[in-house]
Amino acid sequence: MTRERLIRLTAASIAIPVLLAAAPAFSQEKREIKKEERSVKVQDPLKVFKGIERAWKKENADGIASYVGNGRVHLDVRGIGKKGGYYSRSQVKYLFRDMFKVDDQLKFEFVKFHNLEKPDRKVYGIAYRSCKNNRSGKVFQDKVYVTLGREGPAWVVAEIKTTR
């Protein structure tokens, strides 16, 4: 083996473990930057409410879950099959996905907003919803309260609950 080739192999054997060790940190840093970019994009609570309304009308569980922050969100929604509780973003996605399979969303529209002019407080919107249960064929109507809270510069869902 030539001296030059031995030097290259030694350098490679040192560099590869160093690069592999740095890869997870770089990957984590990249994910955090992406998460920050996503959060910074949505600073207006009305845009969040409109996004939720659009996702709900399309029965898009991923779309609704995308507005959940890094913490847990309180859900007490008729049709998700569980009593009220605190859920992570991925749990929200699966609960809404299952609800959308069971109930056809006939109407979902925000009609009132509160505390929009007070950016230091939680804001909430009230929507009217109509659903038809696929098994029984019964149509039910209720109000959906969506509360948003701050997570850094972004507004994220803190709570979703329904009442008759």
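The values are calculated or read from the model by the stated rules, or taken from the named source; none is laboratory data. As the structure is a computational prediction, the values presented were derived from the model and not from experiment. We place every Cβ from the backbone using ideal geometry, glycine too, and count neighbours over all the protein chains shown. With ligands, DNA and RNA removed, areas are computed over all heavy atoms of the protein, side chains included. Shrake-Rupley method; radii C 1.70, N 1.55, O 1.52, S 1.80 Å.
Note down the relative contact order for the range 75-164 as a percent, whole number, built from C-alpha pairs under 8 angstrom at least six residues apart.
Here the relative contact order equals 24 percent.
How do the peptides 130-138, 72-80 rank, highest first, by the average count of neighbouring beta carbon atoms within 10 Å per residue?
Most protected by this proxy first, the peptides run 72-80, 130-138.
What translational diffusion coefficient, to the nearest whole µm²/s, does the range 78-164 have by Stokes-Einstein, given a Kirkwood radius computed over alpha-carbon pairs, a temperature of 25 °C and 0.890 mPa s viscosity? Walk me through the intermediate numbers first.
Values: Rh = 14.2 Å.
For these conditions, the coefficient is 173 µm²/s.
When all alpha-carbon pairs of the range 49-124 are counted, what percent fall beyond 15 Å? Mind dumping the intermediate values first?
Numbers: 1702 of 2850 pairs.
More than 15 Å apart: 60 percent of the Cα pairs in the range 49-124.
Mean separation of Cα pairs under 8 Å and 6+ residues apart, divided by the residue count of the range 57-106: what relative contact order is that in percent?
42 percent
With every protein chain in place, what's the accessible area of ILE160 (1.4 Å probe, Å², nearest 10)?
Its heavy atoms expose roughly 0 Å² to the probe.
I'd like the distance between the alpha-carbon centres of the range 110-154 and the range 51-75, rounded to an integer number of Å.
Centre-to-centre (Cα) distance: 11 Å.
Considering only Cα-Cα distances, which of the following residue pairs are longer than 19 Å: LYS82/LYS112; LYS50/LYS101; LYS107/LYS161; LYS57/LYS101; LYS58/LYS83?
Listed pairs above 19 Å: LYS82/LYS112; LYS50/LYS101; LYS58/LYS83.
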